[in-house]
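The values are calculated or read from the model by the stated rules, or taken from the named source; none is laboratory data. Predicted model, so just to flag it, every value in this text is computed and none were measured. Glycine gets a Cβ as well: all are built from the backbone with ideal geometry, and neighbour counts include every protein chain shown.
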Amino acid sequence: MPSRAVVIGAGLAGMLAAAALSTAVDEVIVLERDDLPTGPEHRRGLPQGRHAHLLMAGGLTAMDDLLPGMDIRLRLLAKGAHEISFSSGMLARTPEGWLRRWRPEGPRMISCSRALVDWAVRDAVLGLGGEEVGRARVEVRRARAVELLGDAGRVRGVRVSTAARGREVDAEPGIEGDALHDHDHDHDHDSDADLDADLVVDASGRGSRILKWLTALGNSEVREKTVDAGLVNATRIYRTPAGAEGFPLTVVHADPYSGRPGRSGMMMPIEGDRWMVSLAGSRGGEPSADPDEFLRHALELPDPVVGRLISGAEPLTDIHVGRGTANVRHYVEKARDWPDGLVVLGDALATFNPTYGQGMSVAALGVQAFARELARGGPTAPGLSRRVQRAAARSVDAAWAVAVGQDVWYPGTRGGQPGTADRLVAAYSRRLTRTATGSYQAAAAVWDLSSLTTGPTRVLRPRTLLATLNGPLLPPLTEPPLTESERKILRSLDRTGRAG
């Protein structure tokens, strides 16, 4: 009998999971409640997609492993994405000061819109199948999952609805939030149908209903944890000013340890000769959709460089404000009993405060772990699902520690507060970051950790420990490490009357 896998969600994690499954089953069906755009365009089921996302080297490597021969990096660069060197291609002000720009070595990241990343991956996956390459073709169906079929021991499929999608609700009038859908009451039950499957993957994102579905199967023991700093994103797109095409990605990080609301800002170059400017603020320091307030927020960051850049740039869009940025984790790997035939990946497994730029890469690393387990035993191997969840959790652990370990320090954070371990980690992290402002060895460790090319033990290597203990070898920078030509660009754009 032909084997079938069903993936819930056609986002990044869902399409990568479909690619992994295409070598292991005869039929892969992806269920998606949105009408998917034919090009790199925003879709309403991904409200955070309008805001800044960076694709880290670790995530890109995982994508290339899952999509051999497709070269996602070249696909993105061909469409106008930018490749940024951590060591030399960005201006980064940390809570401990400016990082220097060293020689162009070490990890890189891709800077472009989230819509472009999703489209490039989706286009690659849908072009993978065919007998000549030994892969099943991936079919995307416009439908939404209503519930899982099976019992506490094994999931055997999905009940789907093809009725008009549920009502989408913004977090506040005029404000983007996570898409909320009334799956239980706002569809025609006559349109429901059962779809049998040997393996079901929930990659439905932040809106996943996995806990409710599991409870219906008789498993109500999965623990959920939410840590919410109340972060709000505000993003506007600008035309890249003439002559500023090579200006480096610029980020001013928030300070979690000041006892005040965290405020941050980023200017990142994206496709189409545009700048994406995203401002963020934790509870009490939120940015605004008002253009004057938006600029004021940028200028009042610990360094005004982002505000100075955009004060003379041409805006191309309104300001989009987004909420729904809490860190949320489902500890499915710790469940005493877990049904065969069900895997949870991507944002359905764990979501992170997007400030830290980890979500896409962690999702790709989780799917990579899934693919390795599939290759070992096939989609129906006993215990496959539990092994996948434990392996995927390892890729979540480090990112969760980074995001939550900082968010718990912001005033008004809900769901967590710093404990003894957090204080020890924060003390070492702050010393490492301070050292990185004037030490190549320490900076390299920060780049490797941020790019997800290595695990958290990277910061405990002997050379890194020694560098951190010694502290920075060079004095702190008092201003952004700009070249003279970049300084001229900044001065030419600055309409704020600030010197420098």
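Inspect all residues belonging to the stretch 68-84 and state whether any of them is modelled with pLDDT of 95 or more and within 30 Å of ALA426 (Cβ to Cβ). Yes: one or more hits. Every test in (1) out of contact with any helix residue (DSSP H, G or I) (no Cβ under 7 Å at 6 or more places or on another chain); (2) hydroxyl-bearing (Ser, Thr, Tyr); (3) not in a loop (DSSP other than H, G, I, E, B) is passed by SER258 save one, and that test is (3). Annotation: GLY49 fulfils all but one of (1) touching a His at 6+ places or on another chain (Cβ under 7 Å); (2) at positive phi; the unmet one is (2).
Output the residue which, of all residues in the stretch 400-426 that are of a type in the set (D, E, K, R), at pLDDT 90 or above and part of a helix (DSSP H, G or I), is nearest to ASN353 (Cα to Cα). Across the stretch 400-426, the extreme among qualifying residues is ASP407. Screening the stretch 69-96 for residues that are touching a Phe, Trp or Tyr at 6+ places or on another chain (Cβ under 8 Å) and of a type in the set (S, T, N, Q) and picking the one that is surrounded by the most Cβ atoms within 10 Å (Cβ to Cβ) gives SER87.
Please find, within the stretch 1-58, the residue that is nearest to the chain's Cα centre (by Cα) out of those that are outside any strand (DSSP E or B) and of a type in the set (D, E, K, R). Applying the filter and picking the extreme gives ARG50.
Scanning the stretch 310-338 for residues being among the aliphatic types (A, V, I, L, M) and out of contact with any Asp or Glu (no Cβ under 8 Å at 6 or more places or on another chain) gives a total of 4.
Look through the stretch 282-330, keep the residues that are among the small types (Gly, Ala, Ser) and out of contact with any Gly (no Cβ under 9 Å at 6 or more places or on another chain), and return whichever of them is surrounded by the most Cβ atoms within 10 Å (Cβ to Cβ). For the stretch 282-330, the residue satisfying everything is ALA313. Annotation: of all residues in the stretch 263-281 being touching a residue at least 60 places away in the same chain (Cβ under 8 Å) and part of a strand (DSSP E or B), the one that is surrounded by the most Cβ atoms within 10 Å (Cβ to Cβ) is ALA280.
Assess whether LEU452 counts as being crowded, with 21+ Cβ neighbours inside 10 Å, touching a Ser or Thr at 6+ places or on another chain (Cβ under 8 Å) and over 15 Å from GLY471 (Cβ atoms). It is true that LEU452 is crowded, with 21+ Cβ neighbours inside 10 Å, touching a Ser or Thr at 6+ places or on another chain (Cβ under 8 Å) and over 15 Å from GLY471 (Cβ atoms).
The residues of the stretch 192-211 that are crowded, with 22+ Cβ neighbours inside 10 Å and over 16 Å from ARG329 (Cβ atoms), listed by number, are ALA197, ASP198, LEU199, VAL200, VAL201.
The single condition among (1) closer than 25 Å to PRO472 by Cα; (2) outside the structural domain of GLU479 (by TED's automatic domain parsing) that THR413 does not satisfy is (1). Between ARG458, ARG487, ARG491, ARG431, the distinction of being in the same structural domain as PHE86 (by TED's automatic domain parsing), modelled with pLDDT under 95 and surrounded by fewer than 17 Cβ atoms within 10 Å (Cβ to Cβ) belongs to ARG458 only.
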